[in-house]
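The structure appears right after this line, and notes come after that.
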Amino acid sequence: MRKLLRAEFLVLALILPSLPGFPWGYEGHQVIALIAMKYMTADAQARAGDLLDGSAIDAVANWADDYRHDYRETGPWHYIDIPLADSKIDLARECPDGDCVIAKTQQFLAVLKDPKADKDAKAQALRFVIHFVGDLHQPLHDEDNGDKGGNTRYVVFERHPDDLRWIWDTGLLEHINRNPAAFAAELESRIVAESWNAVNSVCPKMAGLTSAIGSCNWQ
Ligand SMILES: [Zn+2]
């Protein structure tokens with residue numbers, strides 16, 4: 001599992017910021033999962049496959065979005081509204097009652113590590129973690145500029161007015177119109193060995209997030 005998280009955070013922290021406009025909708029989550037799979041050990045893949053009843057992690061990368069349609073109370077689990085002007089996170093203010101993506105990721109990681117948790121609980125926790133790691137790294141899931149993370153800011157894209165959040169999450173990737181597997185392979189090809197070393201310089205800058213979810217203790 002650590003390999004999985006290590007891969008996702010590395011890719012997201014080092015590779016995607018170099019791609020302006022990379023959005024985070026259905027295909028985006030698939031792409032993230034496909035890249036992560038390439039960095040999982042055989043053991044990690046086998047254990048994940050067992051928990052997911054044989055499904056690959058990219059096949060369940062959007063499960064949490066489907067789930068929240070029936071369980072609306074889980075909606076706030078997918079984001080955190082950190083004021084754009086702030087330089088650090090105030091969890092007491094921005095994550096009341098632990099209902100935000102940082103706290104929930106931490107909570108479900110703990111379930112995965114808990115030897116007393118049963119398989120169903122771990123399977124659900126894994127589905128949430130796979131999805132929330134992607135959400136965590138989507139800027140409009142993490143910050144707010146008085147516009148509910150872009151939800152109330154309308155812009156025109158391809159001659160159609162829509163909210164910035166949808167365009168960033170989904171519209172841009174639909175516009176790019178790439179097969180998720182091909183897109184994942186292209187992004188993965190840009191990962192170089194030096195990138196793995198650079199992660200140590202990235203971690204302190206991400207301290208607000210990483211200290212909460214323990215993602216800097218990969219080695
Ligand atoms: Zn989400």
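Where a number appears in this text, it was derived from the coordinates with a stated rule and is not lab data. Predicted model, so just to flag it, every value in this text is computed and none were measured. Reconstructed Cβ throughout: ideal geometry from the backbone, glycine too, with neighbour counts over all protein chains shown.
Could you line up LEU91, LEU51, LEU140, LEU172 from fewest to most neighbouring Cβ atoms inside 10 Å?
Final ranking by Cβ density, sparse to dense: LEU91, LEU172, LEU51, LEU140.
Count the net charge of all other residues whose Cβ sits under 12 Å from the Cβ of LYS148, scoring Lys and Arg as +1 and Asp and Glu as -1.
Combined, the nearby Lys, Arg, Asp and Glu give -3.
Between GLU174 and SER55, what is the label-point separation in nm under the 7 Å Cα-to-beta-carbon projection?
That separation, rounded to one decimal, is 2.3 nm.
In the neighborhood of ALA110, defined by Cβ-to-Cβ distances under 13 Å, what is the net charge if each Lys or Arg adds +1 and each Asp or Glu adds -1?
+3
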